[in-house]
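Novice: After the structure tokens below, expect a handful of questions from me.
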Amino acid sequence: MSLEDRARAYGIQPDYEGIGGKIHRAPAATLEKLLAAFGEGRLPPLTDEPQLVAPAGALCHVPGGGNSDTDGGKSARFWGIALQLYQLRSPRNWGIGDFADLAWLAGPAGAAGADFLGLNPLHALFLSDPRRCSPFSPSNRRFLNPLYIAVDHVPGFTPDMADPATLARLRATDLVDYPAVAQAKLGALRRIFAQMPARAFDPGDPDPELARHALFEAVSAHMVAQGHGAGWLAWPEEWRDCDGATLRAFAAQAGEEIRFHLWLQHLAGEQLAAARTACEAAGMRIGLYLDFAVGEAADGSGSWGSPIVLPDVRVGAPPDYFNEQGQDWGLAPLSPVAMAAERAAPFRSLIEAATRQAGALRIDHAMGLWQLFLMPEGAGAEDGTYARYPLADMLTALADASRKNRTVIIGEDLGNVPAGFREVMEACRILSYRIFFFERDEDGFIPPEDYPREALVCLSTHDLPTFRGWWRGDDVALRAGFGFISPEAAEEQGAGRVRERADLLKDLVAAGLLDATVVGRIGPEDAPALLTIAVHRHLARAPSRLFAVRLEDLAGELEPVNVPSTVDEYPNWRRKLGPDLDALCDSSLYRDITAGLAAERPKDSE
């Protein structure tokens, strides 16, 4: 059997079609390394080649009623606010947005007519190394980040547990100081925990996954104190085996520390549930819209001791418009072979837990249900290739969890989308994720009325510029400045932005949202408020079920929260909003945009 045939037998694609239709062939070394990682010789090949077909009966829940197999809920259209939780400012938080801020925001957002609050992933990160702050590189997708706990809302907290000067300094920074926030929060939480009667929190017999995560956090803190890294791949060999004698001895001595981390997860879960209740009380029909990352860090608790995670393989993306070198996301994939053998049971367990917490769930890089772009150890994105997953089992698990927990599913179908994948999503009632900036054809921007019904639409997202930044072309300058695109590509994209601005103004005039005499006074230097308001109303007219406005655009922000492919070059996942929540919700831009959205998508239109 040839190397290519051996690879296909394990779902590994010897070649793939990239953006623009170009065929890329994977190097022989890549195929050999992936076969070794997938367990060729130890695990049998796939019994059936995965097919890009929607399985019968795999129907997700949709909002607005009408969840029968035939109607699919045809009337209601909803809008909500998308935000990064850490970016919220308030006079009471500890330098990072928290679950109490989220619950507070539900009030004015619901009063304005919003039906959901969309969030960055809230997954557990690395408490012992809070500088690892990317919500899309979690330690474990099953659990929550305790840094979002509102400490002042925890029973047993007293003001003397926090230094007012420290809190004032943490609130005043323009970037979240994660190490200082972690020190302040964990210090106070440990004091509360130490003063609690033992009977105040009884973890009972915790779920094995939760118990392992709590043990991981305790070991991680111990390892960091000893000069090692927070992730298990940086620990001495005897500490890497979560079931070994060293770990059993440690667990026997560290019972209270493990119990502390179980308590943190209990608190985080309670406060997130309280925020969801606040959304319901504010009249939101969907409530919390959470985000589910495509994978986990190779050295986190999710991969620690897991036989189905491949720590020597990384998930990424092939070269594209935004990065001509491709991307290495540094995430460890679940083994496609193991997933196929177990009928996607590990994914079923993960997605069941995620949908229990949310009225809507966004699946990051939804194409990962069908295939992921993988790079073995030592290979870059130019040498990667795709591997197939058991799509039918994955979709069936997703749909079952969606209907059981009445959770709307949105699939991020951006980038290199395989032909036929969006049709499978639609057949399963997974909403497409349509970003205005990308929705163009040879005639200009696609009119909102031509957007699909089964979609969430928005102007931009966390990996893209704010509307003001896009209007100015700041994103093109950043990509060129970091070397992600060539000078020639930067020049081409800059010229394209000139055309895009002209097309947008023409469309807004045609839609009756801007006066032609006003348009002549709008230059490329910045987007005035009236333009920002108009473009949101324009897109909100789409027939699509969901529309999301970014909180950054409601605040009139300029800088992006994240520049993909940067690590230390840009302050990703740290930038706070300029105004605090009170001032933001009282601003004229916030009031005018939300009033426009409520007019375009009234709740009484069902």
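Here, each number is a calculation from the coordinates, and none is a lab measurement. Just so it is clear, the structure is predicted and the values come from calculations on it, not from any experiment. Note that each Cβ is placed from the backbone with ideal geometry, even for glycine, and that neighbours are counted across all protein chains shown.
Novice: Expected output is a single nm value to one decimal: the length gained when fully extending between E525 and E238, i.e. 0.36 nm times separation in residues minus the C-alpha distance. What is it?
Specialist: Computed gain between E525 and E238 is 97.5 nm.
Novice: Compute the FRET efficiency between D586 and F201 as 1/(1 + (r/R0)^6), taking r as their Cβ-Cβ distance and R0 = 51 Å, and round to the nearest 0.05.
Specialist: Efficiency, rounded to the nearest 0.05: 0.85.
Novice: Counting pairs of alpha carbon atoms under 8 Å apart in space and at least six apart in sequence, what relative contact order in percent does the chain give?
Specialist: Computed over the chain, the figure is 20 percent.
Novice: By the scheme Lys and Arg +1, Asp and Glu -1, what is the net charge of all other residues having a beta-carbon under 11 Å from that of K576?
Specialist: -2
Novice: For a label point 7 Å from the Cα of K603 along Cα→C-beta, name the residues of segment 541-557 whose backbone N is under 19 Å from it.
Specialist: It comes to 545-549, nothing else.
Novice: Could I ask something else about it? Return S90, S301, S335 ranked ascending by Cβ neighbour count within 10 Å, so the fewest neighbours appear first.
Specialist: S90, S335, S301
Novice: Follow-up question, since we're still on this one. By how many nm would the segment from E352 to L52 lengthen if fully extended, with 0.36 nm per residue of separation less the alpha-carbon distance?
Specialist: 105.7 nm
Novice: How far, in nm, would the chain grow between D163 and A111 when pulled straight, counting 0.36 nm per residue and subtracting the alpha carbon separation?
Specialist: Separation in residues times 0.36 nm, less the Cα-Cα distance, equals 15.2 nm.
Novice: Where does each of T166, T355, T566, T594 land when they are ranked from fewest to most other beta-carbon atoms within 10 angstrom?
Specialist: Ascending Cβ contact count within 10 Å gives the list T566, T166, T594, T355.
Novice: Between segment 3-45 and segment 200-225, what's the alpha-carbon centroid distance in Å?
Specialist: 38 Å
Novice: Give, as a single signed number, the net charge of other residues whose beta carbon lies under 14 Å from the beta carbon of G520, with Lys and Arg counted +1 and Asp and Glu -1.
Specialist: That works out to +2.
Novice: Can I ask one more? Taking the mean number of other Cβ atoms within 10 Å as a proxy for protection, how do you rank 21-27, 554-560 from highest to lowest?
Specialist: Result, highest mean Cβ count within 10 Å first: 554-560, 21-27.
Novice: I would also like to ask the following. Quick check: the distance between the Cα centres of segment 462-536 and segment 343-357, to the nearest angstrom?
Specialist: 40 Å
Novice: Of the lysine pairs in the chain, how many meet both conditions: Cα atoms under 29 Å apart, and a spacing of 8 or more in sequence or different chains?
Specialist: 5
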